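This report concerns only the one structure given below.
The values are calculated or read from the model by the stated rules, or taken from the named source; none is laboratory data. These figures come from a predicted structure and were not determined experimentally. Cβ placement follows ideal geometry from the backbone for every residue including glycine, while neighbour counts extend to all protein chains displayed. Accessible surface is based on the protein model in full, side chains and every heavy atom, while ligands, DNA and RNA are left aside. Shrake-Rupley method; radii C 1.70, N 1.55, O 1.52, S 1.80 Å.
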Amino acid sequence: MSAHQQGTGSAYFIDTKKQEIETHTLAVIAENQPGVLARIIGLFAGRGYNIDSLTVSETEHEKHVSRFTIVTTGTAAVITQIKAQLDRMVPVHSVADLTAEGNFLARELALVKVNGLGDKRIEALRLGDAFRARVVDASVESFVFELTGKPDKIDQFISLMMPLGLVEVSRTGVAAISRGIEVLKD
Amino acid sequence: MADEELMTGAEIVLRALADQGVAHVFGYPGGAVLPIYDEFFQQEKVKHILVRHEQGATHMAEGYARSTGKCGVALATSGPGATNCVTGLTDAMLDSIPMVLITGQVPTHLIGMDAFQECDTVGITRPCTKQNWLVKNVNDLARIIHEAFYVAMTGRPGPVVVDIPKDVQFAKGKYTGPEGVIVKSYQPKTAPNVTAIEAAIDLISKAKRPLLYTGGGVINSGLEASKLLREFVALSGIPITSTLMGLGAYPASGKEWLGMLGMHGTYEANMAMHDCDVMINVGARFDDRITGRLDAFAPNSKKIHIDIDPSSINKTVKVDIPIVADVKQALAALLAEWKKRGVKLDAVSLDSWKRKIDQWKSVDCLKYKPNRDVIMPQYAIQRLYELTKTRDTYITTEVGQHQMWAAQFYRFEEPNRWMTSGGLGTMGYGLPAAVGVQAAHPKSLVIDIAGDASVQMTMQEFSTAIQYRLPVKIFIVNNHYMGMVRQWQQLLHGNRLSESYSDALPDFVKLAEAYGGTGLRCSKPAELDAAIMQMINTPGPVLFDCEVANLANCFPMIPSGKAHNEMLLGADVSDEDVGSAIDARGKQLV
Ligand SMILES: Cc1cc2nc3c(=O)[nH]c(=O)nc-3n(C[C@H](O)[C@H](O)[C@H](O)COP(=O)(O)OP(=O)(O)OC[C@H]3O[C@@H](n4cnc5c(N)ncnc54)[C@H](O)[C@@H]3O)c2cc1C
Ligand SMILES: Cc1ncc(C[n+]2csc(CCOP(=O)(O)OP(=O)(O)O)c2C)c(N)n1
Ligand SMILES: [Mg+2]
């Protein structure tokens, strides 16, 4: 590869503008020990990587492992670095780039509170229905919708609800898994 | 079985250290480690060396580790003891030095209460350790300590911290030995991929202008790696250069040696890097001191990169053939494949490549103007080298011009003889590192090539050397300046020497005597040899104040932001050249 195509990460003449920014969803299996989450977040903060979304939970209690789903953005070279940096952490078992591997499902859950009366309230309910959101709480002046789906579906729902009295949103962040029989090893 | 008997946490610590073969621990006591100190008192297997500041303990552990290939061990109390270790941990992290630091912590029930001398040690040290642990249950303690050694020593080596609350040190629990410790989530790959080895040999065998660029990874990989490297060079005839961290892996007297490369590397090494067509990186990490301007870095080369850490591959420089492996295993595989195929490089091309290199060598880039009245710093190192080269010598350094002159003028024939802070560039590293080296090699000649400013950062460890009769020689290249800073101010800031003069320097001779050591001073070239001999022949620790020319600059130098073929050479540079060498863009770089 010629020198003109190279170059990330050094103090010398980095031209990040030339390279396209990609969004990748990573699945990380790690020991469920204290400090692992802090180590991972510290890596992103310390090295200046982006976190768009991060979710973590113990997935198999007996094995003491947790699964992190991290949505991150960067140039291809930065994404490769992020994977290598995660993978070399002592408590990390494996790192999978679901985006690079192709076919995967990404889902998020949101709780959306909409306050209002009259027509707006009716319209909110109608839209909730169209998005297959469930009403999990209601008062005379408010609804809380529960919605699951791809992050962009939730984004869209939120922007539609905005003029209808949206006052509060809580989102879980993305959980992701590959389609088909492929299994992430740990 | 002895393994089943119950011990206190503190006993477990000592037992685990002994079972790990630890002979020396560099430490400093305090409330949160008193149970461990009580155990030290009652055993003889592990020797404790009392330092004067915990930073000193960490650098001693580093020097010990680098000069032996073993793991360095340090011990500190909670709170300020732990925070004082952060510089040494970071230094070891950047230079891939294996170190286990054990810290005391407030009792578990007080954690989080802002207890006396409480700090979040694992939190503070997380970014500067390869891994760290807070031990909450005494039954995990032995396993964690053994894991800590395993993690520190294997793969890409690095520092680890085991933080032990005081109640855990008192509690009784089961001891388990080091056998069979595995960390399921951590299995560094050490064997090279066969296809990569074949591809590498394909590429090298067609090379016209090949070059080996070797680094600290060769030293990390052990003596065998240096042996194989020498064999590979002898067999292939490929010229070789090294980073600061890899000096000694290939002998400076070797036929193919080009000297160090990089910002203060030799003209021939940097020109060869720029012009090579196949670059073989063996355990080096394309640091910015090496690459300079990335878009002009070895522009017409194909690159092979051997590194045990996948995150080093393609980090700053894209390579054509990555080989993720331990250096010695990769070199063994390359050699085997080379021999199997009976490769011979094209003699005509290799010959003309070497003639080109000889032309570059003839520039004599390390030339400096000799002086009969004042000691030139380069001359001081040259004489030190000539007078110590046939001895069993280890060299450490501080950070600054003297460090670079040491790298340029002291010629290393063997690995593990050269200890310097490369990645972090920690002033104050060299004196304690020398103490650590001397503890490991009590009969050897251990010299810290120091600067007048750096040496004052950890000067108090001279007292440690006195206490343990560790006869380190601190050779201060005293230019009365923070020379490296002054040089950059001259290059970048119109020679406005803001705060870089070493004012109110102590009288180093009296200082040495105040500590109970020997102080020597020399300021005349004609007297230098005799003074150095006196230093060598003094049985105890010596502070040697070598008064040198104050305003000498360290050349060659690739100014920040310039390419390898835009070097400033030494002897002929005028003050104007120096003043205008770095453009506005380069000034922002470090
Ligand atoms: C004032 C100053 C000036 C400097 N100027 C220069 C200069 O002019 N030239 C210069 O060279 N340096 C210079 N340095 C040092 C520089 O900052 C870097 O520390 C140095 O270049 C890095 O050396 P390295 O690439 O060998 O990497 P190291 O930091 O030694 O890293 C070793 C690499 O090898 C890998 N590795 C480790 N163990 C193994 C193994 N067993 N098998 C395979 N791979 C392994 C690691 O993953 C890592 O990538 C200077 C420092 C200072 C303070
Ligand atoms: C702890 C620390 N602080 C600051 C620096 C920045 N620095 C690099 S070299 C240097 C001057 C070193 O002076 P001296 O030890 O006298 O060495 P000389 O360059 O004169 O040989 C300084 C301040 C550093 N490397 N480390
Ligand atoms: Mg100085």
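Taking a point 7 Å from the Cα of A:THR148 along the Cα-to-Cβ direction, the residues of the stretch A:100-128 with backbone N closer than 11 Å to it are A:107-110. DSSP bridge analysis restricted to chain B gives an antiparallel fraction near 5%, rounded to the nearest 5.
Computed from point charges on the beta carbon alone (+1 for Lys and Arg, -1 for Asp and Glu), the dipole magnitude for the protein assembly as shown about its Cα centre is near 1520 Debye.
For the stretch B:66-209, a Kirkwood hydrodynamic radius built from all Cα pairs, placed in the Stokes-Einstein relation at 25 °C and 0.890 mPa s, yields a translational diffusion coefficient of 144 µm²/s.
Shape analysis of the stretch B:24-95 yields a ratio of the Cα radius of gyration to the Kirkwood radius, Rg/Rh, of 0.97.
Applying 1/(1 + (r/R0)^6) with R0 = 35 Å to the Cβ-Cβ distance of A:ASP87 and A:THR172 gives a FRET efficiency near 0.85. One equal scatterer on each Cα of the stretch B:153-249, no solvent, Debye formula: the resulting log10 I(q)/I(0) at q = 0.12 Å⁻¹ is -0.63.
Taking every C-alpha pair closer than 8 Å and separated by at least 6 residues, the mean separation divided by the residue count of chain A gives a relative contact order of 24 percent.
Remark: the stretch B:489-506, residue by residue, has Karplus-estimated 3J(HN,Hα) of 5, 5, 6, 10, 10, x, 6, 7, 8, 6, 6, 10, 7, 7, 7, 6, 4, x Hz, where x stands for each Gly or Pro and the curve is 6.51 cos²θ - 1.76 cosθ + 1.60 at θ = phi - 60°. Between A:ARG179 and B:ARG411, what is the FRET efficiency for a Förster distance of 35 Å, r being their Cβ-Cβ separation, to the nearest 0.05? Plugging the Cβ-Cβ distance into 1/(1 + (r/R0)^6) gives 0.05.
Along each principal axis, taking the top coordinate minus the bottom one, the Cα set of the protein assembly as shown gives 99, 67, 60 Å in descending order.
Here the scattering of the stretch B:229-355 is modelled by Debye summation over its C-alpha atoms, one equal scatterer each and no solvent; at q = 0.11, 0.23 Å⁻¹ the log10 of I(q)/I(0) is -0.37, -1.79. Descending by average beta-carbon neighbour count within 10 Å, the peptides B:237-248, B:59-70 line up as B:59-70, B:237-248, the highest first.
Beta bridges per DSSP, both residues in the protein assembly as shown: antiparallel share near 45 percent. Interface area, chains B and A: about 2800 Å² of buried accessible surface, summed, with a 1.4 Å probe and ligands, DNA and RNA left out.
Once C-alpha pairs closer than 8 Å and six or more residues apart are averaged by separation and normalised to the residue number of the stretch B:263-357, the relative contact order reads 24 percent. The relative contact order of the stretch B:70-195 comes to 30 percent, based on Cα pairs under 8 Å that sit 6 or more residues apart. Helix content alone sets the calculated 222 nm mean residue ellipticity of chain B: runs of n ≥ 4 DSSP H residues at -39500 (n - 2.57) each, divided across all residues, give -11000 deg cm²/dmol. Couplings 3J(HN,Hα) for the stretch B:249-266, derived from phi with the Karplus relation 6.51 cos²θ - 1.76 cosθ + 1.60 (θ = phi - 60°), are 4, 10, x, 5, 8, x, 4, 9, 6, 10, x, 5, 10, x, 3, 10, x, 7 Hz, where x marks Gly and Pro.
Note on B:ALA252 and A:LEU111: with the Förster distance fixed at 56 Å, the Cβ-Cβ geometry gives a FRET efficiency of about 0.25.
The listed peptides B:134-141, B:330-337, B:189-196, ordered by packing as a protection proxy, come out as B:330-337, B:134-141, B:189-196 (highest mean of other Cβ atoms within 10 Å first). Structure shown: which of A:LYS185/B:LYS344; B:LYS130/B:LYS206; B:LYS184/B:LYS340; B:LYS227/B:LYS302; B:LYS45/B:LYS189 lie over 32 Å apart, alpha-carbon to alpha-carbon? With Cα atoms farther than 32 Å apart: A:LYS185/B:LYS344; B:LYS130/B:LYS206; B:LYS184/B:LYS340; B:LYS45/B:LYS189.
Using a 1.4 angstrom probe on heavy atoms only, work out the carbon and sulfur share of the accessible area of the protein assembly as shown in %. Looking at the protein assembly as shown in its full context, I get 52 percent from C and S.
Accessible area per residue for chain A is 54 Å², calculated with a 1.4 Å probe on protein heavy atoms, without ligands, DNA or RNA.
Quarter the surface of the alpha carbon convex hull of chain B and you get the mean projected area, 27.4 square nanometres.
Taking 20 °C and 1.002 mPa s as conditions, chain A diffuses translationally at an estimated 114 µm²/s according to Stokes-Einstein applied to its Kirkwood radius (Cα pairs). Put +1 on the Cβ of every Lys and Arg and -1 on every Asp and Glu Cβ in the protein assembly as shown; which of A:ASN103, B:MET457, B:ILE12 then has its Cα farthest towards the positive end of the dipole? It is A:ASN103, whose Cα lies furthest towards the positive end. Stretched out straight at 0.36 nm per residue, the stretch from B:ASP202 to B:THR538 would grow longer than its current Cα-Cα span by 115.4 nm.
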